[in-house]
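Visitor: Before I ask anything, let me first share the structure, which is written out below as structure tokens.
Read the figures in this text as sums done on the coordinates, not as results from a lab. Please read all numbers here as calculations on a predicted model, not as lab measurements. For neighbour counting, all protein chains shown are included, and Cβ atoms are generated from backbone atoms with ideal geometry for every residue, glycine included.
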Amino acid sequence: MDARERYFWDLTGHLVVKGVLSKEEVEQTNEIVDRYSDRVKVGGSTARDSVAFAGTGRPMLPGILEFPKPDCDPFHNMLAHPAVVSRLNVMCGKGFRLDHGPMFIVSNKGTAGHTMHGNGEPHRPHVAYHHQNGITYVGGVTVAWQLHDCKEGMGGFACVPASHKANFPMPLGVKTGDGDMDLIYQPVVEAGDVVFFMDSAQSHGATPWKLDTTRRSILFKYAGRTSSRGGPSQTVAPPEIYWDKNIVEGMTPEQLAVMFGPYSNHRGEIPMLEVTKDGTVKIEE
Amino acid sequence: MSDNPYIVSEEEKYFFDLRGYLIFRDILSQAEIDACNAAIDANADKIIAPRGQGNLTRGATALEGKRGRHEMWELIGLPSPHREPFRDLLVHPLVVSRLNEFSGKGFRLDHGPALIESIEGDEGHWLHASGEPFNPAVSYHQQNGKIYARGITVAWQLTDVNAGDGGFACVPGSHKTAEPTPDDLREMVDDMGLVYQPEMKAGDVLFFCETMTHGTLPWKGKGKRRSILYKYASRAANRAVGKHFTPQERYGDWVNELTPAQQAVLYGPGMHQGEKTVVMPTLESDGKEVTVTEGPLKLFG
């Protein structure tokens, strides 16, 4: 990762690396994907209340790392590709890890965009960006491998450059894209390119897909050595799994609440504690 | 402390942000102190020096002593009823109210609690941690009036610590430093007048940022030092690796098909096992080739 890339990364919060996969590698991978098209699952719309991002549900192709050999090989090769390792060692530090994913987005024409999410404010310590004495650090980086072209204004990954350093909340219009203040930027990418972006530190999302060809973007969600967002960390987080039996056996619900393993992407399944005026500790309702 | 002891006051926030630690006085009753001490006495055979002698001083002559640090782990996993006093402290209202404010709701026990027990002449612990180099595992940040401390240790005092006794010591304000800490200071050769050893009584409780430079001075007190350390982290921060750390433990046997480099990025989060630095593969790359190095993880100075 040279000085120009570091400058761009620090300034904008994302980076497009051109031509990481050869034309032959792209074609080989796309041929595999074509054969597994019956496994595509269409989820709900990720546009929420946005008008600008409205569309149909987002199609995904799951389980690509576990495809039978040799079909899994191109995806395994992405995991610790030199282009990834050389940059993530700088971005996240040595010992970076795959936190969750890969998520393979295979949008069709008309697939909804995704509301902008993430921002420097409020501060999210597990994914935050920090620069000190020439060293950059960010807790979460998504590496998105492109298997199809994505042309200007045609949808796909979009972001708010420099928002990883924002100290003010993101306005609703930027979040929905309905009044984006001309801040939302959709980079042009070609098949074989790789997009790196700060996940949740930088405001990012997607604009609706407008091309006749599908969007094919594989998102590997990496984290620094000491951050957890989801994936297996979520699976092993319940106290009775995360700790030895003698440690948690017989604990009260309040005690168990602080014994869950680390991960951030919970949807209310982690009990939170509060203290009443009389000093009683209880689970927050 | 505010009128309601379970609401964090503005003065507390100011002090914690400025200094990196807080001490609350006379929080435990004598009965609670006695219960903890009795539970420890009943399990005294579990108090050991797991690191031997000299491991924690790192060659610092000023921190040397006659004996290595003695510890007892898994206090909350002791047979009942000995574990109960320590489980009560785990979510004590003073802890919950402060950690909700300083580390955020959903804070968690990362590792510990562990007893540190010292007798006169026991060695100290090299002064470690600092704002520089930046350590994301325990980083300190303040933004728009909100404090974000990823690692806070809560140390309950079961015996008195008088001025000059030794024990816990720190460099106030060092959680924000952006300059390297002089080696002489870490080794207590020349502390530049910056190292502070707080006086505490049995029943007091100390909160400190793990980012702040801290360690232990050799114990000179006539009585035993007994301090119980709970190592908390914010919801998504990791220091100790969990039980499910290897790629196989986290993903299943299909990962055996992967190369060593590919497996290296599938390890679980964390930096150490128990108090030992974790041994795991890390990757290097010049952008063309990837090489794997297996060894103790060395990340943040």
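Visitor: Stokes-Einstein diffusion coefficient for the stretch A:233-283 at 37 °C in a medium of 0.692 mPa s, Rh from the Kirkwood formula over Cα pairs: what value in µm²/s?
Guide: The calculation lands on 278 µm²/s.
Visitor: Right, next: Roughly how crowded by other chains is peptide B:284-290, in terms of the mean Cβ count from those chains within 10 Å of each of its Cβ atoms?
Guide: Across the residues of B:284-290, the mean count of other-chain Cβ atoms within 10 Å is 6.
Visitor: Right, something else. Bin all alpha-carbon pair distances of the stretch A:1-156 at 5 Å intervals from 0 and give each bin's fraction as a whole percent.
Guide: 1, 7, 14, 17, 19, 18, 14, 7, 2, 0, 0
Visitor: Under a Cβ-Cβ cut-off of 11 Å, what is the net charge of the residues other than residue A:280 that fall near it, where Lys and Arg count +1 and Asp and Glu count -1?
Guide: Net local charge, residue A:280 excluded: -1.
Visitor: Moving to a separate point now. Quick one, what does Rg over Rh come out to for the stretch B:10-233 if you take C-alpha atoms and the Kirkwood Rh?
Guide: 0.95
Visitor: So for the protein assembly as shown: antiparallel DSSP bridges make up what percent, rounded to the nearest 5?
Guide: Percentage antiparallel, nearest 5: 95.
Visitor: Within 12 Å, Cβ to Cβ, of residue A:159, how many net charges do the neighbouring residues add up to if Lys/Arg are +1 and Asp/Glu are -1?
Guide: -2
Visitor: Add +1 for every Lys or Arg and -1 for every Asp or Glu among the other residues with Cβ under 14 Å from the Cβ of residue B:43, and state the total.
Guide: -3
Visitor: Identify which of B:125, B:92, B:175 has the largest mean-square fluctuation in a Gaussian network model of chain B, with springs joining Cα atoms closer than 10 Å.
Guide: So, out of B:125, B:92, B:175, the one fluctuating most is B:92.
Visitor: Quick one: Debye curve from the C-alpha atoms of the stretch B:247-296, no solvent, what's log10 I(q)/I(0) at q = 0.13, 0.28, 0.30 Å⁻¹?
Guide: Each listed q maps to, in turn, -0.35, -1.10, -1.15.
Visitor: Within the stretch B:181-286, which trypsin sites (Lys or Arg not before Pro) sit in a loop by DSSP and count at most 15 neighbouring Cβ atoms inside 10 Å?
Guide: Passing sites in the stretch B:181-286 are B:201, B:222, B:243.
Visitor: What are the extents of the Cα atoms of the protein assembly as shown along their three principal axes, in Å, largest first?
Guide: Each principal axis gives a Cα extent; for the protein assembly as shown these are 80, 49, 46 Å.
Visitor: Okay, next question. Quick check: Cα centre of the stretch B:246-268 to Cα centre of the stretch B:180-223, how many Å?
Guide: If you average the Cα positions of each part, the centres end up 41 Å apart.
Visitor: Calculate the FRET efficiency for residue A:4 and residue B:298 from the Cβ-Cβ distance with a Förster distance of 25 Å, rounded to the nearest 0.05.
Guide: After rounding, the FRET efficiency stands at 0.30.
Visitor: Give me Rg over Rh for chain A, both radii from the alpha carbons and Rh done the Kirkwood way, two decimal places. Mind dumping the intermediate values first?
Guide: Details: Rg = 20.2 Å, Rh = 20.3 Å.
Rg/Rh: 1.00.
Visitor: Let me ask you something else. Distance from the Cα centre of the stretch A:114-136 to that of the stretch B:99-176, in angstrom?
Guide: 24 Å
Visitor: What relative contact order, as a whole-number percentage, does the stretch B:247-296 give when Cα pairs under 8 Å and 6 or more residues apart are counted?
Guide: For the stretch B:247-296, the relative contact order is 29 percent.
Visitor: Okay, moving on. How about the stretch B:1-50: which trypsin sites (Lys or Arg not before Pro) there lie in a loop by DSSP and see at most 12 other Cβ atoms within 10 Å?
Guide: On the way: sites: B:13, B:19, B:25, B:46; in loops: B:25.
Of the trypsin sites (Lys or Arg not before Pro), the ones in loops of the stretch B:1-50 whose Cβ has at most 12 other Cβ atoms within 10 Å are B:25.
Visitor: When the dipole is taken about the Cα centre of the stretch B:87-139, and only Lys, Arg (+1) and Asp, Glu (-1) are charged at their Cβ, what size is it in debye, to the nearest 20?
Guide: Charge dipole of the stretch B:87-139: 480 debye, to the nearest 20.
Visitor: Hey, rough spin-label estimate for residue B:222 and residue A:277, points 7 angstrom out along Cα→Cβ, what's it come to in nanometres?
Guide: 4.7 nm
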